[in-house]
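Here's the structure, in structure tokens; my notes come after.
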Amino acid sequence: MHLTSVVSAKGLGLTFKTGDGDVVALSDVNLDINRGEFVSFIGPSGCGKTTFLRVIADLEQPTSGTITVNGTSPADARVNRSYGYVFQAPALLPWRTIDRNVALPLEIMGYSDSAARVKKALELVNLTGFEKKFPWQLSGGMQQRASIARALAFDADLLLMDEPFGALDEIVRDHLNSELLKLWAATGKTIAFVTHSIPEAVYLSTKIVVMSPRPGRVTDVIDSPLPRGERPLEIRETPEFLALAARVRDGLRAGHSYEE
Amino acid sequence: MSRLQRILAVAAALVSALTLLLGLAGGISVPLVIFGVAGLLTVARFFTPVSLWIDGAVAAFGAWALLDGLELFDVEPLWFWLALVACWLFAWLFVERLARAIRAKAMPDALGIVIPVVFGLSLLFAWEVVTRGANVPQVLLPAPSMIWERLTASVPTLTADFVQTFKAVLAGFALGCSAGFVVAILVDRSPFLKRGLLPIGNFVSALPIIGIAPIMVMWFGFDWPSKAAVVVAMTFFPMLVNTVAGLNASSSIERDLMRTYAASYWETLFKLRLPAAAPFIFNALKINSTLALIGAIVAEFFGTPIVGMGFRISTEVGKLNIDLVWAEIAVAAVAGSAFYGVIALIERAVTFWHPSIRGGRT
Amino acid sequence: MRGLLEGKTVPVLIVLLAIVLFWYVMAAVMNAPWQTTLNTRAGLTDVPLFEFVAQTYAQDKPVLPAPHQVIGAIWNGLFGAAITAPRSLAFHASITLGATLLGFALGTALGVLLAVIIVHNNASDRSLMPWIIASQTVPILAIAPMVVVGLGAVGVTGLLPKALISMYLSFFPVVVGMVKGLRTPEPIQLDLMRTYNASPLQVFMKLRWPASVPILFASMKVGIAISLIGAVVGELSNSAGGGLGVRLLTGSYNGQTIQIWAALFIAAALAAILVMLVGWGERLANRRMGVRA
């Protein structure tokens, strides 16, 4: 099978200069994300997973090593609007209705068929009927779905998601996890997903990248043996799932993630 | 009944009784007798529930009786003032009970507007009674009725003054706010200017800018342009400081979002930062509406052709025509409130999404 | 060098320098017409530019005094005359300062008192707050002459009328700020006090008052600057009383522009010093109460 690399990092490093001295957020990261994959990044705070995502998005600049996105630099990829970014908070503009919020990137990027795209995006996240509502009229889970719809509305093959479900309760989270998988199957995008929940990482991904802090680095890259097709929520009680989760946990422990 | 209500109720009944006693010996008018009796009878509340509207009615009747009884004596006797105190106590009791009832959901929320209205009317009424009853020198504080008489008799003068002053207010407001806004955008584009100009701007906004009025008169002449210049100087800095604060209000997440769309500076400005800055900008506009009026009026103290609100106030003060001065101030108050109100209404429409407009108390 | 430019002081200094240079240029430009008239009257023709510009900076009643003229007048006014002499700017400044401080103290006390009542009694809240907010839209400074003259007619002159005006002006930011401040404790903190069966006074002393100290200082900074303005405007109506406002007024009547600018600068400096003093108090209070800087 011919794997095209969407993101390719070699020896990537990022050191922040702060008032209290240098903070090594990323150190010697070598990683490939291939087309169509669902890659989760898991680790405790300070392990660099969000930083890595932001480097892909050209929201941070690395201080050493190289990284290419779609074959070009992250800056070019950003200018070419090659990815959609979903933040930890919905970041919806409160003075726009949901449909106008989803249309925001389309306005900026100059798409002409914006109405059709908005409709399709909202269908994908099951928010049809809420077009004319304002963000504050929606629950947290629905706002985050709108934020995902916004990232899906324009043509970008790469979806970068930074702990999008972190602020939601577990029941809503389970529901959104299975929705996300269905969405991924329907659109065929490449997804890079940051989380600090082991079950979430194992449930969603085809590949799991375990990271550890001080300095931020990759401790393990696990290819998931779980089936790529339909994954009902019940899969989380199967032995294969639990074994995978244990392997992730071992990786975290090896990187001293459980120590202060 | 709360402790406060109990105290008020006892005091009100007692003072009514006292009024009655002293008054019957000293030539009290019939309406005031009725008031005294009614007030005394309210002690019944300690044995059977008495509606709060009764307290309100007693207070209102007492107010009318007092106004009616003003002409009885040249120097009002003690019981007259006791009646005033009793009337005030009843009004206070009424308002206190109404507030509690609304809080306990025994009365609809909409009735809440009654409370400040009653308070305002009570103040007005007490003003009238005290100034006329105690023969307060008109030069110190005229009675509201006198002010009203003067107001209705001086409409042409008041209108001419209003027009003259408002030319300066509106022109200065428009110019000052636009200038502040434009400079804020310039400062936003240049981090160097932000570090250099903003501290100076913050500093200057605390200074008594109104002091430049005589200088403006010297530069721009006696007529309204010099007053407009003062207004420009006064409204510029609040607008600048607030707009800059507003432009910084959009959080980093939203700005990162715009970055991921590779949006240009101007796209980010118009689609994100300016709408997010709207609450701050309107805050400045509201502050400036008051400052503009004050600036124009006080600037006229320093010299103006023979028309204008500030001019009228300073000259009539010199002639000790205080009632005309109050009439001018009443007009200024109404105009100022209307100006502020219009801006507040526009704010409601534009920043409908902001939590303070949506749900919380303003 | 780059480090210096990235700080705050150098950009501010550069902007200030630019303003001063601009001022000098404008002074020459605006005083030029009168200077030309003067020179023609004196029969002077073909005055070289350098000398002409120097002349514009030395006029008696210039349209725009040059910075050094203003500084000179300030110096003379502060140090060149005995502190009790009518010419002394220090004398006038002290008069204005007295009214400002008294008015500010009264206004702050009144504001805090009203705020405490409003926060603890719902009926007072509903009666007073709408009127307090409405009073903001009334041009209060317009009442100043009336207060001064009216009280003067019944024998109350001097410091008190001006202090009353300042009080009226400064109580508003304090009331609004304190009401917000006394209400900052979250429901969860008030519940905690309830579990201790704390009395309203204890809740006030231990929770509400400490929570409102930062806002109190912020309001006082606004209040003291406004108090000064009130005192100055109050002085406009009573030229016998002295004070910086009187200097502004007499300067304006006599066309003494340098006097006007000097008085204005002293008033500005006074405002700046007072606000800075309140700011120091604020920093002290914040540090003692562990507020994050």
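The values are calculated or read from the model by the stated rules, or taken from the named source; none is laboratory data. Worth saying up front: this structure is predicted, and the values here are computed from it rather than measured. Using ideal geometry, Cβ is built from the backbone for each residue, glycine included, and neighbour counts are taken over all protein chains shown.
You will find that of C:Ala262, C:Ala211, C:Ala285, the residue that is in a helix (DSSP H, G or I) and either of a type in the set (S, T, N, Q) or within 14 Å of chain B (Cβ to nearest Cβ) (or both) is C:Ala262 and no other. For segment B:344-362, the tally of residues that are more than 15 Å from the chain's Cα centre (by Cα) and surrounded by 12 or more Cβ atoms within 10 Å (Cβ to Cβ) stands at 10. Residues in segment C:11-69 that are of a type in the set (A, V, I, L, M), out of contact with any Gly (no Cβ under 8 Å at 6 or more places or on another chain), crowded, with 17+ Cβ neighbours inside 10 Å and farther than 20 Å from C:Ile260 by Cα: C:Val53 only. From the residues in segment B:186-201 that are in a helix (DSSP H, G or I) and exposed (fewer than 14 other Cβ atoms within 10 Å of the Cβ), which one is farthest from the other protein chains (Cβ to nearest Cβ)? So, considering only residues that are in a helix (DSSP H, G or I) and exposed (fewer than 14 other Cβ atoms within 10 Å of the Cβ), the one farthest from the other protein chains (Cβ to nearest Cβ) is B:Arg189. Every condition in (1) in a helix (DSSP H, G or I); (2) aromatic (Phe, Trp, Tyr); (3) within 12 Å of chain C (Cβ to nearest Cβ) holds for B:Phe236 except the one numbered (3).
Among the conditions (1) in a helix (DSSP H, G or I); (2) within 26 Å of C:Ser227 (Cβ to Cβ), C:Thr40 misses just one, which is (2). On the basis of being of a type in the set (Val, Ile, Thr), at pLDDT below 90 and under 34 Å from the mean Cα position of the chain (by Cα), does C:Thr36 make the cut? No: the conditions fail for C:Thr36. Anything in segment C:78-111 that is under 19 Å from C:Ala240 (Cα atoms) and touching a residue at least 60 places away in the same chain (Cβ under 8 Å)? List them, or say none. Correct list: C:Pro86, C:Leu89, C:Phe91, C:His92, C:Ala93, C:Ile95, C:Thr96, C:Leu97, C:Gly98, C:Ala99, C:Thr100.
With respect to the conditions (1) facing another protein chain (nearest Cβ under 10 Å); (2) in contact (Cβ under 8 Å) with a residue 40 or more places away in the chain; (3) touching a Lys or Arg at 6+ places or on another chain (Cβ under 9 Å), B:Met309 falls short on a single one, namely (3). Listed conditions (1) out of contact with any strand residue (DSSP E or B) (no Cβ under 7 Å at 6 or more places or on another chain); (2) over 28 Å from B:Pro225 (Cβ atoms); (3) more than 10 Å from chain C (Cβ to nearest Cβ) are all met by B:Thr260, apart from (1).
Inside segment A:215-260, residues that are at pLDDT 90 or above and part of a loop (DSSP other than H, G, I, E, B) make up a count of 2.
Here is a check on your reading of the model: is B:Leu170 within 10 Å of chain C (Cβ to nearest Cβ) and in a helix (DSSP H, G or I)? When the stated conditions are applied, B:Leu170 does not pass them.
Yes/no per residue for (1) surrounded by fewer than 19 Cβ atoms within 10 Å (Cβ to Cβ); (2) out of contact with any helix residue (DSSP H, G or I) (no Cβ under 6 Å at 6 or more places or on another chain); (3) in a helix (DSSP H, G or I):
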{"residue": "A:Lys119", "(1), (2), (3)": "yes, yes, yes"}
{"residue": "A:Thr128", "(1), (2), (3)": "yes, no, no"}
{"residue": "A:Trp136", "(1), (2), (3)": "yes, yes, yes"}
{"residue": "A:Met142", "(1), (2), (3)": "no, yes, yes"}
{"residue": "A:Met161", "(1), (2), (3)": "no, yes, no"}
{"residue": "A:Gly166", "(1), (2), (3)": "yes, yes, no"}
{"residue": "A:Ile171", "(1), (2), (3)": "yes, yes, yes"}
{"residue": "A:His175", "(1), (2), (3)": "yes, yes, yes"}
{"residue": "A:Leu183", "(1), (2), (3)": "no, no, yes"}
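In the set (1) outside any helix (DSSP H, G or I); (2) more than 10 Å from every other protein chain (Cβ to nearest Cβ); (3) not hydrophobic (A, V, I, L, M, F, W, C), B:Asp323 fails one condition alone, (1).
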